[in-house]
Amino acid sequence: MSGVRLARHYLKYMLHRNHGRIVFISSESGISPAPEMAHYSATKAMQLSISRSLAELTKGTKVTVNSVLPGPTRTQGVEKFIRDVYPDIPLGEAEKKFMSNNRPSSLIARLINPAEIADVVTFIVSERASIMNGSSIRAEGVC
């Protein structure tokens, strides 16, 4: 709810200035639910709905509200999860096995580095993306 509260707080100022960007970091799990994380998938789907609803409030302005949907990302938590799933093999091999077995629709077939997500966000908040509003940008090769 912190993202929702922040967005609601700042949106009115952005609308008053007629300029601003709100970006929710959601997850591809909001569209393609992960069976081992149903609760997480549900919250990300809700976040996508809120993002789109807030974007509707910005029609005709220079304020945009978008969501970025990364796939499995290389974080300490994800690495620990993969080690727990595949405790007897080295992390690099475990990641490949996890992607192959648990995320077979991934076209990149690897974990995403956080800097790659930052690159997508940098684009979304730039003037080059001023036509994108109410979008869910998938930052992972999932179909």
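The values are calculated or read from the model by the stated rules, or taken from the named source; none is laboratory data. Quantities reported herein were computed from a predicted structural model and do not represent experimental measurements. When we count neighbours, we look across all protein chains shown, and the Cβ atoms used for this are built from the backbone with ideal geometry, even at glycine.
Key figures for this structure:
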{"read-out": "Residue, farthest from the chain's Cα centre (by Cα), within segment 8-47, restricted to residues that are buried (at least 19 other Cβ atoms within 10 Å of the Cβ) and part of a helix (DSSP H, G or I)", "value": "MET14"}
{"read-out": "Some residue of segment 54-72 being among the basic types (Lys, Arg), farther than 21 Å from PRO33 by Cβ and not assigned by TED's automatic domain parsing to the domain that holds PRO35", "value": "no"}
